[in-house]
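Values in this text are rule-based calculations from the coordinates and carry no lab data. If you're wondering where the values come from, they're calculated on a predicted model, not measured in any experiment. Positions of Cβ are backbone-derived with ideal geometry, glycine not excepted, and every protein chain shown enters the neighbour counts.
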Amino acid sequence: MSGKLFVISGPSGSGKTTLVTRVLSNVENLRFSISYTTRSVRAGEVRGEHYEFVSREEFQDMIGQDFFAEWAEVHGNFYGTPRAEIEEWIETGVDVILDIDVQGARRLRGVFDGAVFIFVVPPSLEVLEQRLRDRKSEEEGDISTRLGIVKEEVACSKCYDYIIINDEAYIAAGRIEAVILSQGQGDSEDSRQRMLAATRDSRAENVYGPVFLRKFGLK
Ligand code: 5GP
């Protein structure tokens, strides 16, 4: 049986990275696809673990060689998902999780059969701003650039299958795990149905509405 692709997006500071790390340690048969980027390495980041860091020239060459399943320019840097690896994993029955932006997710729609799209949001715009400041890895100007596109990104969440509100990391990670397990390849029908029921409140059509939009200054 083929593996499934789980695409995670969300504004910078939504806590996606922490959630993805938790989910990877709790769910079997799930691998993280390491993206390539032209941005510089942040403190605490490890090459080949968080990203593969390459020059803009190298990245352009890779685009020319059709190396990426998708790529996008985000906050002035290039990011791309290596194609061969995820195709191989999926073919061999391994589930794959990607952490990519909304443009990249849009490009993957319809490319991988049964791919599941999950959008992570912080509880509100104010909480997000605080998290970005606490992270202290961005310059002030960079924070305002990132906040500036948050509203646009949140508006895109409508097109995802699930919206996960990241208030408490362990709860949010549990919601993502339920989504993954509800697609369950190896699990019994009974446990799949239980997981499916657990995902109901995270379905985009049940989250995306006036109350949700107001939290992000959207109508
Ligand atoms: P950061 O620089 O904060 O690690 O990531 C910035 C944004 O780039 C995040 O929204 C992240 O999801 C996105 N991103 C990371 N890897 C990829 C990728 O391979 N493709 C695309 N399209 N976006 C990516």
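Roughly speaking, what is the centre-to-centre gap between the stretch 199-215 and the stretch 139-185 when only Cα atoms are used, to the nearest Å? Centre-to-centre distance over Cα atoms comes out at 12 Å.
Report for the chain the percent antiparallel among DSSP-assigned beta bridges with both residues inside it, nearest 5. Close to 35 percent.
Each 10 Å bin from zero holds the following percent of Cα-Cα pairs in the stretch 98-163: 18, 46, 27, 9, 0. Provide the FRET efficiency to the nearest 0.05 for the VAL27-GLU168 pair, computing r from the beta carbons and using R0 = 25 Å. After rounding, the FRET efficiency stands at 0.85.
Restricted to Cα atoms, the stretch 93-219 shows a radius of gyration and a Dmax of 15.9, 50 angstrom. For LYS151, the aspartates and glutamates whose Cα comes closer than 17 Å to its Cα, not counting residues fewer than 8 places off in the same chain, are ASP101, GLU126, GLU129, ASP142. The spread of Cα positions in the chain, taken along each principal axis and listed from longest to shortest, comes to 49, 42, 30 Å. With a cut-off of 17 Å on the backbone N, the residues of the stretch 25-52 near the modelled label site 7 Å out from THR145 along Cα-Cβ are 37-43.
Per-residue ellipticity at 222 nm computed for the chain from its helices equals -13000 deg cm²/dmol, with DSSP H segments shorter than 4 residues left out and the rest contributing -39,500 (n - 2.57). Across the stretch 15-22, rounded Karplus estimates of 3J(HN,Hα) from the backbone phi angles (6.51 cos²θ - 1.76 cosθ + 1.60, θ = phi - 60°) give x, 3, 4, 4, 5, 4, 4, 4 Hz, Gly and Pro being marked x.
Remark: spin-label model distance GLU52-GLU189 equals 4.2 nm, labels positioned 7 Å along the Cα→Cβ axis.
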